[in-house]
Each structure stands twice: as structure tokens, then as C-alpha cells.
1. From the set of residues in the range 414-471 that are aliphatic (A, V, I, L, M) and modelled with pLDDT under 90, which is surrounded by the most Cβ atoms within 10 Å (Cβ to Cβ)?
2. Determine which member of the set LEU378, LEU367, LEU396 is modelled with pLDDT of 95 or more, more than 25 Å from GLY253 (Cβ to Cβ) and touching a Pro at 6+ places or on another chain (Cβ under 7 Å).
3. Contact list please: Cβ distance under 8 Å, first residue in the range 297-324 and more than 13 Å from ASN227 (Cα to Cα) and without any contact (Cβ under 8 Å) to a residue 24 or more places away in the chain, second residue aromatic (Phe, Trp, Tyr) and surrounded by 14 or more Cβ atoms within 10 Å (Cβ to Cβ), pairs at least six apart or on different chains.
4. For the range 299-327, which residues satisfy the criterion of being in contact with a Phe, Trp or Tyr (Cβ under 8 Å, 6 or more places away or on another chain) and crowded, with 18+ Cβ neighbours inside 10 Å?
5. Going through the range 344-361 one residue at a time, which ones are among the aromatic types (Phe, Trp, Tyr) and surrounded by 20 or more Cβ atoms within 10 Å (Cβ to Cβ)?
6. How about the range 251-290: which helices (runs of 4 or more DSSP H) wholly inside it have at least 1 residues that are acidic (Asp, Glu)?
7. For the range 377-434, what are the residues that are outside any helix (DSSP H, G or I), among the small types (Gly, Ala, Ser) and either free of Cβ contacts under 8 Å to residues at least 12 places away in the same chain or closer than 18 Å to THR290 by Cα (or both)?
8. Looking at LEU301, LEU326, which is the one that is more than 29 Å from the chain's Cα centre (by Cα), aliphatic (A, V, I, L, M) and at pLDDT below 95?
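The values are calculated or read from the model by the stated rules, or taken from the named source; none is laboratory data. Keep in mind the model is a prediction, meaning the values are calculated, not measured. Cβ placement follows ideal geometry from the backbone for every residue including glycine, while neighbour counts extend to all protein chains displayed.
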Amino acid sequence: MSREFLRRACTSLTHTRANMDQISLTAAQRSCSANYYNYVGALKHGARTTSALHKFESRSFTSSVQTALRADLASTTQLAEQIGTFACAQPASQLQQYRWKSSSQRKGNAKSHRPEGVFRRRRDSKVQRSEQYSRMAQPQNTSASSRVEFQPTSEHNPSIAPPQHHEGTWDPPAMGDASAPRAVVPRRADEEPPVATPLSVPAAHLTPAETMKLLVKTGHAHGDRSNTDIILSSTMGGAYLSFGAMMMLHVAGGSPELAAAAPGVHSLIGGMVFPIGLSLITLTKADLLTSNMMLTALPFLTHRERAATNISSMLRVNGLSLLGNLAGSAAMAGIAASAIVTSPAVCTFAANLAVKKCSYSLSTVFLKAVTCNWLVNLAVYNAATSTTTGGKILGLWLPIMTFVTLGLEHSVANMFLIPLGMLAGADVSMVDMWMNNLIPVIAGNAVGATVMVSMVHWRMMLKGATGGRLF
């Protein structure tokens with residue numbers, strides 16, 4: 001785009017506007033008023049077109065769009081100058097009742113200085129502007145049949161040469177009176193009306209390969225954060241998961257009769273409310289140790305040439321997530337024991353649950369942890385396939401409900417449930433909590449995330465299509 005062209009166009013518009021500032025209008029002179037406001041509209045449109053040319057100059061737009069904008073600006077400037085010349089030629093006696101005030105003169109009350117019957121032109125919406133420039137990008141026909149002339153009335157000066165107006169660029173509106181003459185762009189008989197370009201709507205879900213690529217990028221983003229951000233996000237993640245655990249305790253612990261009569265239904269109802277915690281984590285982008293195990297393993301699989309860096313990032317993110325989740329869960333256990341989990345039935349249920357979790361053999365608790373985090377990370381994968389909030393929640397709900405109903409072992413959930421059971425009177429020590437549950441559960445969760453989800457699904461969905469490299 002030529003800088004000289006823009007400079008000359010802006011100078012022409014400014015000069016014409018300076019001439020028109022010396023004109024006064026009367027509301028009774030409808031045709032003259034209509035043409036004057038046609039001129040004002042032409043100036044506004046010309047200024048907007050010039051601004052669009054400035055913006056388009058720094059972008060990669062097609063030459064057809066730039067050509068259409070140049071023709072639009074030239075035609076608009078010519079029309080404005082001719083209307084301004086006509087208005088200046090009117091007798092002074094006809095143009096004395098009202099005077100168009102400049103912006104500096106209308107600071108107090110713009111409406112009080114506005115001529116009668118004149119309304120502010122509304123700005124085009126973004127959709128209307130996009131449709132306008134889509135039509136402008138179409139090939140321009142400059143034949144005689146595609147031109148429009150400004151038709152003066154009997155009161156107009158017949159010596160003024162009619163301006164030419166390119167079709168599809170701009171139709172100046174009559175802003176003073178609905179019955180005032182206005183330029184109309186004729187359409188050829190063989191020309192089809194322009195069709196607005198439909199707005200693109202993003203897909204509601206991603207393909208499996210697209211989902212895995214998204215998870216790989218998420219894993220890279222997790223490793224690029226500072227230690228403070230990871231710890232803070234992980235603390236919130238442990239607190240959010242504790243809300244779901246508290247819901248499960250209230251529902252399951254508050255119905256001992258159902259547990260005795262129908263233990264399967266009792267476990268199912270408790271599992272149906274637990275996914276509230278992971279829903280909060282997913283929607284707020286908080287950190288959870290069990291999902292970070294899967295996310296941080298994907299960059300290592302994808303970029304093995306940077307194995308040392310990726311392993312270091314994986315250990316740092318998971319270590320900080322462990323500390324943050326433990327802090328958030330332990331804090332929520334103290335809050336729940338003092339103010340929320342206070343009924344005898346719920347306290348008894350929490351204490352018995354803590355004793356049960358610390359009574360499994362190491363092999364049993366390890367296998368329960370592997371299958372648990374397998375399901376948890378499938379829930380994270382399901383949530384990532386959807387681009388809507390409802391789809392994410394529904395996608396993660398069923399796998400989480402399954403692992404809770406089956407009584408599997410989740411390390412972050414146990415960081416809340418076992419300390420709460422200890423505060424409720426469970427005969428469990430800190431050594432029992434770590435040696436009999438948390439350490440083997442964390443190891444099993446790591447295997448379920450890295451092997452059963454990261455490695456297997458990366459091998460199925462990405463390696464064959466990309467040769468093991470995404471970037």
C-alpha cells in the first residue's frame with residue numbers, strides 16, 4: 001500500500017470537511033439537508049475506509065480487497081466533494097437557521113446543537129462489516145451498467161457533474177428524511193445477489209489424535225510454569241477434590257440403613273457425587289498429582305531427544321504437585337473435622353473408611369491404585385475431547401463414578417480421607433498412613449497414568465501417524 005496514496009486521500013477528506021464546516025443548514029430545506037448529510041456520511045465512511053487501509057497495510061490481505069478499498073475511497077471522496085460544492089453554492093438566506101457545530105463546540109450537549117430531523121448514524125456491527133468487505137472482495141464491474149449517478153432535484157444546481165459510484169462498495173444513506181432522494185446501486189439482471197459468508201462454528205469434540213496432541217501441549221505448558229504457580233495450583237486442586245470427598249462422606253455415611261440393606265446401591269450413590277471435585281479441577285485448570293503423572297509423561301514420549309530436560313520437568317512438576325495436593329487436602333481435612341463432618345454417623349463412616357484403606361496388603365493396594373488412576377486419566381482424556389463445559393463434565397463423570405463405586409485407591413483423595421478418619425477417631429498412625437497406603441498408592445497411580453494411558457494411547461493414536469514426533 002502506498003503511503004503517498006494514503007496521505008493524499010486523508011488530505012482531500014480533511015480539506016473538504018474544512019469547507020463544509022462553514023455551512024449552516026435549515027430544516028425546511030429538505031433536499032439540501034439530505035445532500036449535506038449524505039456528504040457527512042460519505043466523509044465518515046471515507047475516514048473509516050482510510051483507517052481500514054492503514055490496518056490492511058500491515059497484514060496479508062488479497063490484492064482484490066485492497067483494490068476494492070481504493071476504489072471505494074476514491075468514489076466516496078468524489079461524491080463528498082461534489083455534494084459539498086453544491087451545498088456551498090446555495091444562497092445564504094436558505095442556510096442560516098441552523099449551523100453545524102464542530103466537535104469542540106458540542107462538548108456540552110451534542111443533541112442540543114444537532115439540526116432538526118437528523119439522527120446519529122448507528123455503527124455497523126462486526127458481522128455487517130465482515131459481510132460488506134466480503135462483497136468488496138468480489139470482482140468489481142466498472143461498466144456503464146454498474147455505475148450510479150447522484151440525481152439532483154429541480155432545486156439542485158444542474159451544473160454539477162454527477163459523481164460515479166462503484167457497485168458493492170458503499171451506498172450513501174439519506175439521513176435527514178426518509179423521503180429524500182438517495183443513490184441506489186442497480187443490479188444487473190444476470191447478477192446473483194451476494195451471499196454472506198457463514199460464521200465458522202468450532203467442533204463440539206476433538207478426534208482421538210487431536211485430543212492426544214492437545215494433551216501433549218498441555219504437558220509442555222505444565223512444565224513451563226514457576227514453582228510458586230505449581231504449588232498454588234496444586235493446593236487448590238487438593239482442596240477442590242476434598243469437596244467431592246466430603247459430598248461422598250455425607251451421602252454414604254449418612255445412610256447406614258441403605259449400606260446394610262443394599263451395599264451395592266450405597267456404593268453407587270456415593271460414587272455418583274464424588275466427581276464434583278474433579279469437575280472443579282478440570283474447569284479451573286487446577287493441578288492434580290494423578291493427572292500430572294500422565295500429562296508430564298507425554299512430552300518425554302514425543303521428544304525423546306530432550307529426554308533429560310523432560311524427565312527433570314516431570315519430576316519437578318509431580319513433586320511440587322504432591323506437596324501442594326497434600327497441603328490442600330490436609331487443610332480441608334482439618335476444616336471438615338471441625339465444622340462440616342460433625343454428625344456421629346458420618347464420623348463413624350469416615351473412621352472405618354480410614355482403617356479399611358490402611359488394612360490392605362501391599363499387592364492389593366498397588367493394583368487398586370493402578371486401575372484407579374487408569375480410570376482417572378481416561379476421565380481427563382474424555383474431558384479433553386470436548387470443547388463445551390457440559391461435555392467435559394459428562395465425559396469425566398462416568399469413569400470417576402466407576403472407580404469410587406469399585407472402591408479403588410486414589411492417592412490425593414486418600415490424603416483427605418485418611419487424615420479426616422484419624423481426626424474422627426480411627427486407630428491409624430502417620431506411619432500406617434504412609435507405609436500401608438500413600439506410598440504404594442502413589443506408585444500404583446504412577447504406573448496407571450504413565451503406562452496404561454500415556455504410553456499405550458500415545459502409541460495407538462500418535463506414533464503411527466506422526467512417526468513419534470509432533471513438532
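1. Within the range 414-471, the match that is surrounded by the most Cβ atoms within 10 Å (Cβ to Cβ) is LEU462.
2. After ruling out the rest, the residue left standing is LEU378.
3. ALA307/PHE300; ILE311/PHE300
4. The answer is LEU301, THR302, ASN310, MET314.
5. Across the range 344-361, the qualifying residue is only PHE349.
6. It comes to 256-261.
7. Result: GLY407, SER429.
8. From the options LEU301, LEU326, the qualifying one is LEU301.
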